[in-house]
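Notes to accompany the following structure.
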Amino acid sequence: MSDQTMAAGFAKAFLDYAVDEGAPREGLLLAAALEEADLADQDARIPTQAYHHMIAAGIEATGDTSLLLRHVLDSRLETMSIVGQIVHASSSFPDSLGQLNRYARLMADVPIPNGRDRFEITHEGDEVWLVDHRPSDGTWMATEASFAHFISEFRRSAPEHPFELALEVTYAPPPHSNRYPDLFRVPVTFNAARNALRINPVWLDETFDSGKDYVFGVFTRHADGLLEDLAKRDTVRSSVEMRMLADLHEGSLSMDLIARDLGMSRQTLYRRLKDEGITFAQVHDDLRRRMAMDYLSARKVSVGEAAYLLGFSEASAFVRAFRRWTGLSPTAWLDR
């Protein structure tokens, strides 16, 4: 969604890494429509779409589709976001995961269906899995990065106790899947039913270094303030869009269900959207339009895949809607 935002620290860290790998700094900033000043404060917000455009430009410049994955594995989360500092000041892995879920929005706006936490630990016999509930869009970049952040932190801080044991992902093998054995170093199952990392159960009971209560309090107070600032900027429309994103592929969305998830009645939601000058159907249609342009402009998916992800029953229905939005077919819009 083009209105989604994220912490500028992630873009700044990727920019520096990509430049070291040979990408032109000005070219990446131009592709993202950002300036250096936009990235000066790691907690500042930038459009998520800008970050995606920067990554695409970095991959094009280096010819390496594993660029983001290698960057995450080589980087420290605390240099990108206050959330990384909170995680490092937590008392254990389960505690850090709870903090990660609590402050996840400070890293990036990611809608999770049914109000669930982003990450969950599940026990399956003797196995322990870390499940990512981020809705799958069939692409690999965000899923790779999310698990790579966990792996990177544990490889750096506790190499004597391997954290990762196996990986399941919903996407097909990416162009750089031949590098997975060296980068992830665990068996990987593609086209799986979920995105999940099997982890070493020792980390459920292992405690982290103590004596961090003071800094933990400082970091969380700062993070709470950032969350309050984000909440003040929210509109009902943005809340509806965030909830819609989780189920956009289903096509017809229930206003009753979304109203319930937002803690209000259907009539209240209707009235509050009307106060903002828009209807539920218009929010849905405009969200589809913006997501279509996001998917296609970044060359993330084919026209048929975009149609499915946006909830169209047939590609032809998507093409008709796209003509209504832009006056062009998706192919003509890309070739303009």
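The values are calculated or read from the model by the stated rules, or taken from the named source; none is laboratory data. Computed from a predicted model, the values in this text were never measured in an experiment. Here the Cβ is made from the backbone with ideal geometry for all residues, glycine too, and neighbour counts use every protein chain on show. Protein only, heavy atoms only, side chains kept; ligands, DNA and RNA dropped before computing areas. Shrake-Rupley method; radii C 1.70, N 1.55, O 1.52, S 1.80 Å.
List of remarks:
- Residues of region 123-149 that are open to solvent by 20 Å² or more (accessible area, probe 1.4 Å), free of Cβ contacts under 8 Å to residues at least 60 places away in the same chain and either within 21 Å of the chain's Cα centre (by Cα) or closer than 23 Å to Phe14 by Cα (or both): His133, Ser136, Trp140, Ala142.
- The single condition from (1) in a helix (DSSP H, G or I); (2) open to solvent by less than 40 Å² (accessible area, probe 1.4 Å); (3) under 30 Å from Ala223 (Cα atoms) that Ala57 fails is (3).
- Boolean, Ser96 is outside any helix (DSSP H, G or I), among the hydroxyl-bearing types (Ser, Thr, Tyr) and out of contact with any Gly (no Cβ under 8 Å at 6 or more places or on another chain): no
Let's see how each residue does on (1) more than 20 Å from the chain's Cα centre (by Cα); (2) more than 30 Å from Ala89 (Cβ to Cβ); (3) of a type in the set (Ser, Thr, Tyr); (4) modelled with pLDDT of 85 or more:
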| residue | (1), (2), (3), (4) |
| --- | --- |
| Glu228 | yes, no, no, no |
| Asp234 | no, no, no, no |
| Ser238 | no, yes, yes, no |
| Glu241 | no, yes, no, no |
| Asp247 | no, yes, no, no |
| Ala259 | yes, yes, no, yes |
| Gly263 | yes, yes, no, no |
| Leu269 | yes, yes, no, yes |
| Arg272 | yes, yes, no, yes |
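- One residue stands out among those in region 249-298 that are assigned to a helix (DSSP H, G or I) and polar (S, T, N, Q): the one that is least open to solvent (accessible area, probe 1.4 Å), which is Thr268.
- Output for region 245-297, where each listed residue is among the basic types (Lys, Arg), in contact with a helix residue (DSSP H, G or I) (Cβ under 8 Å, 6 or more places away or on another chain) and without any contact (Cβ under 8 Å) to a residue 24 or more places away in the chain: Arg266
Each row is one residue, and each column tells you yes or no for (1) assigned to a helix (DSSP H, G or I); (2) at pLDDT 80 or above; (3) more than 22 Å from Ser91 (Cβ to Cβ).
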position: Ser136; (1), (2), (3): no, no, yes
position: Thr139; (1), (2), (3): no, yes, yes
position: Pro174; (1), (2), (3): no, yes, yes
position: Ala192; (1), (2), (3): no, yes, yes
position: Trp203; (1), (2), (3): yes, yes, no
position: Phe219; (1), (2), (3): yes, no, no
